[in-house]
1. Output the residue which, of all residues in the stretch 43-59 that are in a helix (DSSP H, G or I) and not hydrophobic (A, V, I, L, M, F, W, C), is farthest from Thr15 (Cα to Cα).
2. How many of the residues in the stretch 253-283 are in a helix (DSSP H, G or I), modelled with pLDDT under 80 and among the hydrophobic types (A, V, I, L, M, F, W, C)?
3. How many of the residues making up the stretch 260-278 are crowded, with 16+ Cβ neighbours inside 10 Å and either assigned by TED's automatic domain parsing to the domain that holds Arg17 or aliphatic (A, V, I, L, M) (or both)?
4. Can you tell me which residue in the stretch 189-244 is surrounded by the most Cβ atoms within 10 Å (Cβ to Cβ), limited to those that are among the polar types (S, T, N, Q) and in a helix (DSSP H, G or I)?
5. Could you list, in sequence order, the residues of the stretch 155-179 that are modelled with pLDDT under 95 and either among the hydroxyl-bearing types (Ser, Thr, Tyr) or touching a Pro at 6+ places or on another chain (Cβ under 9 Å) (or both)?
6. Determine, yes or no, whether Ser134 is at pLDDT 95 or above, more than 19 Å from the chain's Cα centre (by Cα) and assigned by TED's automatic domain parsing to the domain that holds Leu41.
7. Mind checking which residues of the stretch 24-81 are in contact with a Phe, Trp or Tyr (Cβ under 6 Å, 6 or more places away or on another chain) and polar (S, T, N, Q)?
8. Please tell me if Arg257 is outside the structural domain of Tyr21 (by TED's automatic domain parsing) and farther than 27 Å from Val197 by Cβ.
Amino acid sequence: MEALYQARRKRLLPTWRSILYVPANSPKFIAKAPTVGADALTIDLEDAVPPQEKDRAREMLGETLAHVATGSADIIVRINRPLSLAVRDVEAAVSVHVKGLTIPKVDGPSHVRLLDELVSECEHRKGLTLGHTSFLVAIETPEAVECMREIASASPRVVAMMLSSEDLSLECGFEPSEETLLQPKQQMIFAACAAGVRPLGFLGSIAQFKDIEVFREMVRRSRRFGFTGSSCIHPLQVAVLNEEFAPSKEEIALAERIVSEGDKAIAEGRGTFQVDGSMIDGPVIERARRTLARRR
């Protein structure tokens, strides 16, 4: 585990603005996946695949990954929750092509550590560097909500966390709306940031995609709340996520001015200064630096 923590310290967290789900049993969607422009593709062995198709989807996985890897997107595989399926999924998925695994229905830190151990064994067996495979953990139950910080910190493989709107609302008996999900999603952002991992998702439900401008406005609001990227279920959503989770030209220009003026102020021994009538100090300068880092 210590070797994994050392590896975590030396690498940057992934910048995934858009992560498109691709059903692992659908040759039609798999064929198009490398061309959609998503930062990452999640080859889905879980919800998108009915029970009677799971074995076939897993058997297809090697060929699927080889094709999807012809594009530039990072590849993630979403495994199943029952341990009997999860073990087989992990053994099939861990490979040179796969950057990470989405772990659904995480119930606590011990769940993450158990899969960490299994993945380490698979990496060793397949000649991969220890820590090659990252984890994106999905919060889907009220029990998991209560220990999100511990889940995010359970393994150095964890690089991102998301909260599944439809699953959590089903478990809790409420409608999957922005109003009902605001509190747990804000709590998830706090937990992810405290653990030093990416908070992914948006305020509403992933199922909302027919009105693309409504979707765009939801993503824009979500970014203001602290989300850094999101999964999506339709190729039309990819461009919106890429645009809205990236800094605009205006934001970049302002950030460059703030950083430049900040360097001058520090050289002159001043801790604060003004830009366009607004007072600028340390946290604002650091936010500007992070904006420029996101652009890079």
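1. Gln52
2. The qualifying residues number 6.
3. 1
4. My answer is Ser222.
5. The answer is Ser164, Ser165, Glu166, Asp167, Leu168, Ser169, Leu170, Glu171, Cys172, Ser177.
6. no
7. Within the stretch 24-81, Thr42 is the sole residue that qualifies.
8. Spelling it out, Arg257 is indeed outside the structural domain of Tyr21 (by TED's automatic domain parsing) and farther than 27 Å from Val197 by Cβ.
The values are calculated or read from the model by the stated rules, or taken from the named source; none is laboratory data. Predicted, not measured: the structure shown is a model, and the values here were computed from it. Note: ideal-geometry Cβ built from the backbone for every residue, glycine included; neighbour counts use all protein chains shown.
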